[in-house]
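Below is one structure, written out as structure tokens, with a few remarks after it.
Read-outs: derived from the displayed coordinates by stated rules, not from any lab. Model, not experiment: these values are computed from the prediction. Cβ: placed from backbone, ideal geometry, glycine included. Neighbour counts: every protein chain shown.
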Amino acid sequence: MSLGRTRAVTLEGVRGRVVEVEADIGSGLPKMVLVGLPDTSLNESKDRCRAAVINSGETWPNRRVTVALSPASLPKSGSQYDLAIALAVLAAAGAVPAEPIRDAVLLGELALDGRLRAVPGVLPATLAAAQAGCRRVMVPEVNATEAGVVDGISVVAVRSLAHAVALLRGEEPPDDPPVEPLATTENLSWQGEDRWSGLDFADVRGQPAARRCVEVAAAGGHHLFLEGPPGAGKTMLAERLPGLLPDLEPEASLEVSAVHSIAGVLPADAPLVTRPPFLDPHHTASIAAIVGGGSRIIRPGAMSLAHRGVLFLDEAPEFACHVLEALRQPLERGSICIGRAERSATFPAHFVLVLAANPCPCGLDFGKDARCECTQAAKRRYKDRVSGPVRDRIDIYRKVEPVRRHEVRDELGGVEGTSVVASRVAAARARQQQRYSGTPWRVNGEVPGPALRATWPVHATGAAWLEEHLAAGHISARGADRALRLAWTVADLRGDDRPMLDHVKIAYALRLSEPLPAAWPTDLPLAAEVA
Amino acid sequence: MGSSATAARTALGRYGEDVAARHLVESGMTVLARNWRCDLGEIDIVARRGDVLAVVEVKTRATTNFGSPLEGVTPRKAARLRRLAARWLAEHPVKPAEVRIDVIGVVIPHRGAPQVDHVQAVA
């Protein structure tokens, strides 16, 4: 038999497509032809496979070898096809049984000595294989835990080509060294991966209003803008927001892990991301770093890595304008579509956005006796850097002032920690999930204004009060919609069935950075008692 | 020394061509010509069986340390073999239905029998 056939996966964004790999050994001078729109990295696979096969003690056929990757019109790139190509050729040569690999999906890059190397994107590739009806994948050993996350598919972990050949022939596998994991930037991180693990909400002193804003943002998935002078605690607050979010649901966890797998940042020992990610790119980040990009292999950017988590842009006005403008599509759609000449990719990008900014370029324009010396024009320029359309999509706006001594004294020992607030957030999220079951939305922050007004209206007293402020021009129509969403989150945090006047008032204050009532919803009398 | 090495290579090549010719005869072909030359170059063997004419290039090596002898036939050489085949047909009154370019790789180890690898229709 001179035909070998197996399968591999090509990735477009987070979606994988199963690719059939066929090898034919025909009459002709020794030569290897690879057809099916391979790019350079894939074309080099010819030489890697040949060297790996020979150095694994197998014979490379001294004939014309044609390898076809189909669908032929789909451009393919990357090195993850090596294992499939090498084994398809060996199957065509009759060196390994053809039947076991015919319907399996094989992934992995080969080293010249026949060792397998780890590849990115094994999780989404395995998902695609399972959806295409494959029952078996063969992956580099180090990626096996990642592939094992997918249900209904058996994972064969291999260390080298010789190992794979021995398994297929039913022989004793050789004792090869383990596969090395992908080198990621995390290996170089001096702060370690647990940088955020020890953070507690109780670390933040004072700032009762800002703390509540963070709590509401976490509960309803609302975007948050924090404005305040240096040292007011904006960064501290933002870093503690992910800790308030509940663990990712299984489906969300797979989505997030798939994105991280493609970016190659998924640790080998923890193949599933179970906690909401937190990304805080520096303000010098390029648009490709934030949005994602690359010419042939399109990689996800920070906003996709923050999917189902928190994207924190500290010193937001310092970011390049086009980077900030690029936030508009994901804020609207929950995904980002990146187009390049050869292909386009869509990545999920559904995150809670937290922007932090100084009140003015010098940062001192706050309080009654402001020492700021910035000109009006400079202040205006600074503020305008975060454009109207982006501001418009942010629900909560809060001015943060440096903590005063009496605030710290007042609350000695009485600050709520992460666990207390997180349990409130979890309860509020559970209520929302129940309310929005059967809809595409999960949290209040996602529900469009018209749907909210039509299906889940607030109490008439609250609506009338908001209408007055709208008529007086205190709040825009879009702002009023935002306030309605916030009112629902406030009600959910408190456990009320429907937002009343009090909730709408709090929402209005959250929206416009007005002083919050001292009594938080949990302290207020229950709606039933008022009525 | 240089000339003796060249002589040794020539002798190896001749021996390889003999082995290849024997292989062709054993497989039922008739050798029509050997070492036919023209201004384009040389054809090692022209052989025929029925309606099929084969223009055969023979590559001989003593070891496979530097790759199989078949790999010594470059695409350029294969293209020249096509032109040589056309020239040979033009100059001989043979009208075969099918013309094939074959390459025979011969490995002649220091000990043991020569190994013959016959690839048909390469160009």
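Which of A:Leu272, A:Ser73, A:Ile290 sits farthest toward the positive end of the charge dipole of chain A, with +1 on the Cβ of Lys and Arg and -1 on the Cβ of Asp and Glu?
A:Ser73
Rounded to the nearest 20 Debye, what is the dipole magnitude of region A:17-124 about its Cα centre when Lys and Arg each give +1 and Asp and Glu each give -1 at the C-beta?
It comes to approximately 180 debye.
Cross-link partners among aspartates and glutamates for B:Lys77, C-alpha distance below 17 Å, same-chain residues fewer than 8 apart left out?
The qualifying aspartates and glutamates are B:Asp39, B:Glu42, B:Asp44, B:Glu57, B:Asp102.
Quick check: the angle from helix A:45-55's long axis to the longest principal axis of chain A, C-alpha only, nearest 10 degrees?
It works out to around 60 degrees.
Would you calculate, for chain A, the mean residue ellipticity at 222 nm contributed by helices, counting each DSSP H stretch of 4 or more residues as -39,500 (n - 2.57) and dividing by all residues, to the nearest 500?
-10500 deg cm²/dmol
Mind checking the dipole of chain A: about its Cα centre, +1 per Lys or Arg Cβ, -1 per Asp or Glu Cβ, Debye to the nearest 20?
1260
Just add up the charged neighbours of A:Val158: K/R +1, D/E -1, any other residue whose Cβ is under 11 Å from the Cβ of A:Val158.
0
Could you order the peptides B:104-114, A:389-399 from most to least packed, using the average number of other C-beta atoms within 10 Å per residue?
A:389-399, B:104-114
Show me the ranking of peptides A:433-443, A:81-91 by mean Cβ neighbours inside 10 Å, starting with the highest.
In descending order of packing, they fall as A:81-91, A:433-443.
Cut-off is 10 Å between beta-carbons; in what order do A:His459, A:His322 appear when sorted fewest neighbours first?
The fewest-first ordering by Cβ neighbours comes to A:His322, A:His459.
What nm value, rounded to one decimal, do you get for the distance between A:Lys31 and B:Arg111 when each label is placed 7 Å out toward the C-beta?
Distance between the two pseudo-spin positions: 3.9 nm.
How are the C-alpha pair distances of chain A spread across 20 Å bins, as whole percents from the shortest bin up?
The percentages, shortest bin first, are 21, 44, 25, 10, 0.
Averaged over peptide B:113-121, how many Cβ atoms belonging to another chain are found within 10 Å of each residue's Cβ?
For this peptide, the per-residue mean of nearby foreign Cβ atoms is 2.
So, in nm, how far is label A:Thr284 from label A:Arg498 when the simple model puts each one 7 Å beyond its Cα toward the Cβ?
A separation of 5.6 nm, rounded to one decimal place.
Using label points projected 7 Å from each Cα along Cα→Cβ, tell me how many nm separate A:Arg381 and A:Glu315, to one decimal.
About 1.7 nm, to one decimal.
Given Cβ point charges of +1 (Lys, Arg) and -1 (Asp, Glu) and nothing else, what value in debye, to the nearest 20, does the dipole of region A:3-183 about its Cα centre take?
Dipole size: approximately 520 debye.
With contacts defined as alpha carbon pairs under 8 Å and 6 or more residues apart, what's the relative contact order of region B:2-119 in percent?
About 26 percent, as a whole number.
For peptide A:29-39, what's the mean number of Cβ atoms from other chains within 10 Å of each residue's Cβ?
Mean partner shielding for this stretch: 3.
Contact order normalised by length for region A:384-522, with contacts defined as Cα pairs under 8 Å and 6 or more residues apart; what percent is it?
The normalised contact order for region A:384-522 reaches 30 percent.
Extension gain A:Arg328-A:Thr418, at 0.36 nm per residue separation less the Cα-Cα distance, in nm?
Full extension of this stretch gives 29.3 nm more.
I want the local charge near A:Asp314. Using Cβ-Cβ distances under 9 Å, sum +1 for each Lys or Arg and -1 for each Asp or Glu among the other residues.
Spelling it out: positives minus negatives among the neighbours equals -2.
Below 8 Å, C-alpha to C-alpha, sequence gap of six or more: please give me the relative contact order for region A:242-294 in percent.
Normalised by residue count, the contact order of region A:242-294 is 40 percent.
Could you state the angle between the C-alpha long axis of helix A:418-435 and the longest principal axis of the C-alpha atoms of chain A, as a value from 0 to 90 degrees rounded to the nearest 10?
With both axes taken from Cα atoms, the answer is about 80 degrees.
First measure r as the distance between the Cβ atoms of A:Ala132 and B:Asp51, then evaluate 1/(1 + (r/R0)^6) with R0 = 56 Å and state the FRET efficiency to the nearest 0.05.
Computed FRET efficiency for A:Ala132 and B:Asp51 comes out at 0.70.
Between region A:319-357 and region B:33-100, what is the separation of their alpha carbon centroids in Å?
62
Can you give me the angle between helix A:460-471 and the longest principal axis of chain A, using Cα atoms only, in degrees from 0 to 90, rounded to the nearest 10?
In chain A, helix A:460-471 runs at an angle near 80 degrees to the longest axis.
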